[in-house]
Amino acid sequence: MAEGTDPTFYRSPAAAIAAPPEKLAYVAALDPAGSERDAMTVVDCNAESPTYGEVVGWTDLPTAGNELHHFGWNACSSALCHKGHAHHGTLERRYLVVPGLRSSRTYVLDTKPNPRQPQVVHTIEAEELAAKAGYSRPHTVHCGPGGIFMSNLGGADGADGPGGVALVDHDTFEVTGAWETDRGEQHFAYDVWWHLNDDVAITSEWATPSMIEDGLNPEDLLGRRFGHHLDFWSLSEGKLVQRIDLGDEHQMVLELRPAHDPRKNWGFACVVISVVDLSASVWLWYRDDDRWATKKVITIPAEPADESQLPPALQPFGAVPPLVSDIDLSVDDRWLYVSCWGTGELKQYDVSDPHNPREAGSVHLGGIVRRTAHPGAPELHLSGGPQMVEVSRDGRRVYFTNSLYAKWDDIFYPDDVGAWMARLDANTETGGMTVDPRFFPHGDDFRGLRVHQARLQGGDASSDSYCFVE
């Protein structure tokens with residue numbers, strides 16, 4: 001495969017940073033009731049456009065009740081690391097692979113003919129995923145070496161695991177099988193990422209389908225039954241080589257963000273909640289001689305609150321937990337963004353020294369108690385908070401949406417989480433963020449659906465692995 005196959009396959013982080021800015025964002029939208037069809041929406045990100053900040057494209061999926069989650073591109077910059085891999089056609093960053101966490105159905109959308117109107121061109125049915133890989137409840141998609149990696153929370157037909165990674169063919173979008181060859185004691189699944197040059201994959205842990213699909217069972221949380229490990233694998237062989245227990249008080253190890261520089265072998269993982277004090281945390285993984293090690297490098301405490309301000313699930317605790325549910329690392333590996341969905345805060349940390357992050361900025365929107373308004377609509381008291389975070393390749397723009405997972409939205413925001421998306425302008429020199437008052441698609445813009453993850457046209461900070469340093 002020629003390196004110039006697709007100009008959005010960037011040889012290095014520096015090349016990605018220097019590339020033209022995104023003009024569109026693809027945003028997954030879902031009906032929490034499961035009665036209206038889910039959709040892929042398209043938002044104008046070009047600040048010079050007369051429709052900036054508006055929903056300018058909409059593609060209904062053929063079905064409802066999918067609970068669209070962490071979709072991704074069919075191919076990206078990691079393709080340059082594996083030029084010998086044979087493909088039937090021209091490999092390009094063209095198709096969105098969009099899993100339904102509820103339905104176990106995955107849709108493939110073609111963005112090339114009309115980027116504002118992606119078209120469904122293929123469907124991976126739940127039966128195929130179960131028969132060929134033994135999984136269900138697909139969650140996260142990453143374009144990887146030799147195939148598309150799709151993590152799954154459940155075993156075949158919604159069984160309670162073990163969860164794991166299915167491989168999907170880059171060209172045909174057929175499921176080719178399970179990636180794991182020896183999973184050892186691994187059972188829970190959530191995210192999957194890697195260090196390509198080290199032949200290492202990392203997976204994180206949330207829960208099984210029965211633990212999340214009817215809402216949050218307090219007994220599961222207080223009983224410390226959610227995932228609390230990081231799992232390290234041989235990427236080429238699919239074999240588990242090391243597990244690290246972060247401690248069972250640290251419940252739900254979710255998003256993984258490895259360093260983009262291919263020479264670096266460290267990264268960050270977020271933990272939603274501590275059952276000891278309701279705090280959230282971010283952990284660093286790194287090499288320590290010939291083994292992997294972890295350390296907690298950020299702790300975000302819960303905020304005291306009057307019982308009358310809290311939803312029933314939190315009233316016994318008298319506090320709002322941060323509920324860190326996403327993190328994102330800028331392509332230059334300097335700025336880490338941490339979404340505190342419970343308190344309605346997005347934090348920015350300088351991680352030039354990843355072992356000692358320094359908080360550099362903070363913005364509030366929404367929140368269980370605060371309900372901070374957006375400057376573009378100061379009359380609205382927002383529900384939800386910064387949830388899925390996406391950073392532009394040059395690091396200057398930070399986008400986020402406000403819905404976590406339908407059943408869990410309703411627990412923490414019982415008066416309806418609503419739907420909104422925001423953009424921040426980030427200072428990439430000294431730190432700090434400001435809310436863009438012109439960018440605020442919300443409410444009826446999304447036709448009554450909730451919004452979850454966004455992907456940026458041409459790639460973004462959480463969707464690429466790089467092969468070289470320039």
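Given the condition in contact with a Gly (Cβ under 6 Å, 6 or more places away or on another chain) and either of a type in the set (Lys, Arg) or at pLDDT 95 or above (or both), answer yes or no: does some residue in the range 260-278 qualify? Checked the range 260-278: no residue is in contact with a Gly (Cβ under 6 Å, 6 or more places away or on another chain) and either of a type in the set (Lys, Arg) or at pLDDT 95 or above (or both). Checking each residue of the range 130-138 against the condition of being closer than 30 Å to Asn46 by Cβ and either among the small types (Gly, Ala, Ser) or at pLDDT 95 or above (or both) gives no match. Looking across the range 228-238, the residues that are part of a strand (DSSP E or B) and either farther than 16 Å from Leu196 by Cβ or among the hydroxyl-bearing types (Ser, Thr, Tyr) (or both) come down to His229, Leu230, Asp231, Ser234. Take Asp394 and decide whether it is among the charged types (D, E, K, R) and either farther than 21 Å from Leu254 by Cβ or not in a strand (DSSP E or B) (or both). So Asp394 passes the test.
Here's the yes/no breakdown for (1) of a type in the set (Asp, Glu); (2) modelled with pLDDT under 95; (3) touching a strand residue (DSSP E or B) at 6+ places or on another chain (Cβ under 6 Å); (4) more than 30 Å from Asp460 (Cα to Cα):
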position	(1), (2), (3), (4)
Asp289	yes, yes, no, yes
Thr294	no, no, yes, no
Pro312	no, no, no, yes
Val320	no, no, yes, yes
Val331	no, no, no, no
Leu336	no, no, yes, no
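Scan the range 345-381 residue by residue and report those that are of a type in the set (S, T, N, Q), in a loop (DSSP other than H, G, I, E, B) and closer than 24 Å to Glu307 by Cα. If the condition is that a residue be of a type in the set (S, T, N, Q), in a loop (DSSP other than H, G, I, E, B) and closer than 24 Å to Glu307 by Cα, then no residue fits.
Of all residues in the range 5-57, those satisfying the criterion of being farther than 26 Å from Cys81 by Cβ and small (Gly, Ala, Ser) are Ala25, Ala28, Ala29, Ala33, Gly34, Ser35, Ala39, Ala47, Ser49, Gly53, Gly57.
One residue stands out in the range 310-326 among those that are among the hydrophobic types (A, V, I, L, M, F, W, C) and assigned to a loop (DSSP other than H, G, I, E, B): the one that is nearest to Leu216 (Cα to Cα), namely Ala313. Residues considered: Ala25, Ala47, Ala18. Of these, the only one that is loosely packed, with under 15 Cβ neighbours inside 10 Å, among the small types (Gly, Ala, Ser) and closer than 18 Å to Ser392 by Cβ is Ala18. Residues in the range 393-429 that are touching a residue at least 60 places away in the same chain (Cβ under 8 Å) and among the acidic types (Asp, Glu) were compared, and the one that is nearest to Arg358 (Cα to Cα) is Asp394. Kindly list the number of the only condition in (1) over 26 Å from Val398 (Cβ atoms); (2) among the small types (Gly, Ala, Ser); (3) touching a residue at least 40 places away in the same chain (Cβ under 8 Å); (4) part of a loop (DSSP other than H, G, I, E, B) that fails for Ala79. So Ala79 meets the others, but not (4).
Taken together, Tyr26, Tyr52 contain a single residue that is assigned to a strand (DSSP E or B), touching a residue at least 60 places away in the same chain (Cβ under 8 Å) and either under 26 Å from Val331 (Cα atoms) or of a type in the set (Ser, Thr, Tyr) (or both), which is Tyr26. When residues in the range 282-314 are screened for being surrounded by 18 or more Cβ atoms within 10 Å (Cβ to Cβ) and under 21 Å from Val369 (Cβ atoms), 6 of them pass. Taken over the range 239-254, the criterion of being more than 22 Å from the chain's Cα centre (by Cα) and part of a loop (DSSP other than H, G, I, E, B) is satisfied by Gly247, Asp248, Glu249.
Filter the range 320-339 down to the residues that are of a type in the set (Val, Ile, Thr) and buried (at least 24 other Cβ atoms within 10 Å of the Cβ), then identify the one that is farthest from the chain's Cα centre (by Cα). Among them, the one singled out is Val320. No other residue among Gly154, Gly163, Gly158, Gly177 is of a type outside the set (A, V, I, L, M), more than 21 Å from Asp464 (Cα to Cα) and over 22 Å from the mean Cα position of the chain (by Cα) apart from Gly177. The number of residues in the range 111-125 that are assigned to a strand (DSSP E or B), among the β-branched types (Val, Ile, Thr) and surrounded by 14 or more Cβ atoms within 10 Å (Cβ to Cβ) comes to 3. Is it fair to say Trp292 is without any contact (Cβ under 8 Å) to a residue 60 or more places away in the chain and closer than 27 Å to Ala16 by Cβ? Answer is no for this residue. Between Gly431, Gly384, Gly342, the distinction of being surrounded by fewer than 24 Cβ atoms within 10 Å (Cβ to Cβ), assigned to a loop (DSSP other than H, G, I, E, B) and modelled with pLDDT of 95 or more belongs to Gly431 only. Looking only at the range 294-329, residues that are within 28 Å of Ile244 (Cβ to Cβ) and either among the acidic types (Asp, Glu) or in contact with an Asp or Glu (Cβ under 8 Å, 6 or more places away or on another chain) (or both) come to 7 in all. Listed by position, the helices (runs of 4 or more DSSP H) contained in the range 126-225 that have at least 3 residues being surrounded by 16 or more Cβ atoms within 10 Å (Cβ to Cβ) and of a type in the set (Gly, Ala, Ser) are 126-133.
The values are calculated or read from the model by the stated rules, or taken from the named source; none is laboratory data. Predicted model, so just to flag it, every value in this text is computed and none were measured. All Cβ positions, even for glycine, are placed from backbone atoms using ideal geometry, and neighbour counts span all protein chains on display.
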